[in-house]
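S.K.: Encoded as structure tokens, here's the structure I'll be asking about.
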There are 2 protein chains.
Amino acid sequence: MTADKSSSGNRRYDPDRKERIIEATLEVIAVQGVSGTTHRRIAEAADVPLGSMTYHFASLDDLIEQAFLKLTQEIAHHFDDAFRKAQTVDEAREAVVEVICGWFAVTERKMTLILELYAYVARNPQTRHVMTGWMAKSRQALERHFSPDVAASLDAMIEGASIHNFMHPDGISREAARLIVAKLTA
Amino acid sequence: MTADKSSSGNRRYDPDRKERIIEATLEVIAVQGVSGTTHRRIAEAADVPLGSMTYHFASLDDLIEQAFLKLTQEIAHHFDDAFRKAQTVDEAREAVVEVICGWFAVTERKMTLILELYAYVARNPQTRHVMTGWMAKSRQALERHFSPDVAASLDAMIEGASIHNFMHPDGISREAARLIVAKLTA
DNA sequence: TTGCGCTATGTACGTTTGTACGCATAAATC
DNA sequence: GATTTATGCGTACAAACGTACATAGCGCAA
């Protein structure tokens with residue numbers, strides 16, 4: 001219903017196009033997986049012509065990499081926010097519990113995307129910087145409140161518990177998570 | 001150089017064929033990812049004709065699922081062995097450390113396959129039983145030595161630490177792992 | 001208003017894909 | 001040894017793929 005979308009064939013000077021394509025790419029990956037992600041499906045999801053794909057991005061892999069980079073940056077930003085808000089160590093501990101049991105368990109879409117990212121990075125080593133950059137930011141956020149070693153262990157636990165909770169719904173309850181975090185940060 | 005392979009065109013009564021195709025499938029997934037796994041590539045890797053693919057397996061997805069099932073069963077078997085050997089709680093603790101820092105970190109192939117499996121299951125819910133079955137066996141192995149709650153936390157930590165060590169080589173050292181396990185099992 | 005130059009796109013091409021199916025061929029029976 | 005039966009495979013096909021490229025369309029200078 002916007003002025004831009006209503007007029008047909010009038011697509012020039014659409015400054016958000018590149019961004020929209022990247023978001024559409026994440027949407028397609030979330031539903032179809034990387035293996036089902038094609039130029040045509042992305043173009044349809046973003047409502048842009050097929051020609052825009054090769055015009056804005058060098059290749060499909062280039063586009064996928066940029067999409068994953070955006071995903072990790074958004075997640076890292078929220079992650080950092082959560083720990084920036086915490087004023088005491090106890091609040092930080094509760095934030096960890098929240099991340100394990102709240103966030104990821106709720107949004108199936110995000111977890112699916114993260115798992116697709118892992119698989120993609122595992123087989124495309126040149127994109128490993130996406131992962132290392134993300135991990136560095138997470139670690140940094142945790143180190144606001146915990147020692148490097150403890151931060152590393154919390155980070156790993158968040159990773160594993162999120163995945164397990166995703167695969168097996170009643171995996172780790174909130175009180176169980178609270179106990180685990182208490183042990184690791186004692 | 002085997003009698004079977006030397007003779008050309010003589011491929012009848014090859015009872016290991018189906019098994020060999022499944023193994024070849026894992027090999028292709030490890031190198032190319034699920035997105036690059038095709039009937040033709042698997043057939044070449046297994047040294048069987050293309051026609052054998054649709055003859056032995058209903059579809060490509062059917063084959064991939066069977067391959068992943070085999071993967072998890074093998075891993076679960078080794079996992080169970082490691083904890084069956086442990087006689088004391090301390091030996092069991094050390095086994096956990098070994099799993100985190102030894103196994104997976106070493107074999108890049110296996111970790112890649114596991115990550116491909118996660119992504120595949122996330123977007124193919126009908127294959128979730130492969131994951132839940134595997135997790136149940138792991139949990140069972142850990143519960144030989146630890147309480148259910150502790151076993152769950154160890155399982156999650158193994159998961160997360162393995163992934164982090166894979167993505168970031170100098171992630172968690174052996175002594176760091178030892179300390180974490182001690183905390184979780186205290 | 002007119003013409004120019006750059007941005008954006010419709011379309012076409014050569015490959016590769018999953019899958020179906022008719023036929024060759026080995027095992028079984030007499 | 002001849003005939004039947006069922007197992008296994010070579011090949012063909014339509015659909016979908018990534019990408020290249022000629023050209024259409026718009027802003028801007030004059």
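The values are calculated or read from the model by the stated rules, or taken from the named source; none is laboratory data. Remember, predicted model here, so these are calculated numbers, not experimental data. FYI the Cβ positions are ideal-geometry reconstructions off the backbone, even for glycines, and counts take in every protein chain you see. SASA here: full protein model, heavy atoms, side chains in, ligands and nucleic acids out. Shrake-Rupley method; radii C 1.70, N 1.55, O 1.52, S 1.80 Å.
S.K.: Among the residues of the stretch B:127-162, write down those that are of a type in the set (A, V, I, L, M) and touching a Phe, Trp or Tyr at 6+ places or on another chain (Cβ under 7 Å). Spell out how you get there, then give the answer.
M.R.: So in the stretch B:127-162, the residues of a type in the set (A, V, I, L, M) come out as B:130-131, B:135-136, B:141-142, B:150-152, B:154, B:156-158, B:161.
Within the stretch B:127-162, B:VAL130, B:ALA141, B:LEU142, B:LEU154 meet the criteria.
S.K.: Just to be sure I understand the filter: pairs with C-beta atoms under 8 Å, separated by 6 or more residues or on different chains, first member in the stretch A:56-72 and farther than 18 Å from A:LYS110 by Cβ, second member of a type in the set (D, E, K, R). Which pairs pass?
M.R.: Partner pairs satisfying both residue conditions: A:HIS56/A:ARG17; A:HIS56/A:LYS18.
S.K.: Can you work out which of the residues in the stretch B:127-157 that are among the acidic types (Asp, Glu) and facing chain A (nearest Cβ under 7 Å) is farthest from A:ALA156 (Cα to Cα)? Lay out the reasoning, then the answer.
M.R.: Step one: list which residues in the stretch B:127-157 are among the acidic types (Asp, Glu), which gives B:143, B:149, B:155.
Still in the running and facing chain A (nearest Cβ under 7 Å): B:149, B:155.
Numbers: B:ASP149: 18, B:ASP155: 11 Å.
It comes out as B:ASP149.
S.K.: Consider B:TYR120 against the criteria (1) among the hydroxyl-bearing types (Ser, Thr, Tyr); (2) over 18 Å from the mean Cα position of the chain (by Cα); (3) at the interface with chain A (Cβ under 9 Å from one of its Cβ atoms): it satisfies all of them except one. Which criterion is unmet?
M.R.: B:TYR120 satisfies all of (1) among the hydroxyl-bearing types (Ser, Thr, Tyr); (2) over 18 Å from the mean Cα position of the chain (by Cα); (3) at the interface with chain A (Cβ under 9 Å from one of its Cβ atoms) except (2).
S.K.: Looking at B:GLN87, is it surrounded by 12 or more Cβ atoms within 10 Å (Cβ to Cβ) and assigned by TED's automatic domain parsing to the domain that holds B:TYR118? Can you show your working first?
M.R.: Numbers: surrounded by 12 or more Cβ atoms within 10 Å (Cβ to Cβ): no; assigned by TED's automatic domain parsing to the domain that holds B:TYR118: yes.
It is false that B:GLN87 is surrounded by 12 or more Cβ atoms within 10 Å (Cβ to Cβ) and assigned by TED's automatic domain parsing to the domain that holds B:TYR118.
S.K.: Something else now. In the stretch A:159-175, how many residues are facing another protein chain (nearest Cβ under 7 Å) and touching a Leu at 6+ places or on another chain (Cβ under 9 Å)?
M.R.: Selection size over the stretch A:159-175: 1.
S.K.: While we're here: Just to verify a result, which residue in the stretch A:27-75, among those that are near DNA strand D (Cβ under 9 Å from one of its atoms) and small (Gly, Ala, Ser), is nearest to the other protein chains (Cβ to nearest Cβ)?
M.R.: The selected residue is A:GLY36.
S.K.: Could you tell me whether any residue of the stretch A:43-52 is open to solvent by less than 50 Å² (accessible area, probe 1.4 Å), in contact with a Lys or Arg (Cβ under 7 Å, 6 or more places away or on another chain) and closer than 23 Å to A:GLN140 by Cβ?
M.R.: Among the residues of the stretch A:43-52, not one is open to solvent by less than 50 Å² (accessible area, probe 1.4 Å), in contact with a Lys or Arg (Cβ under 7 Å, 6 or more places away or on another chain) and closer than 23 Å to A:GLN140 by Cβ, which makes the answer no.
S.K.: Looking at A:ALA92, is it under 30 Å from B:GLY133 (Cα atoms) and open to solvent by less than 60 Å² (accessible area, probe 1.4 Å)?
M.R.: On the way: under 30 Å from B:GLY133 (Cα atoms): no; open to solvent by less than 60 Å² (accessible area, probe 1.4 Å): yes.
No, not satisfied.
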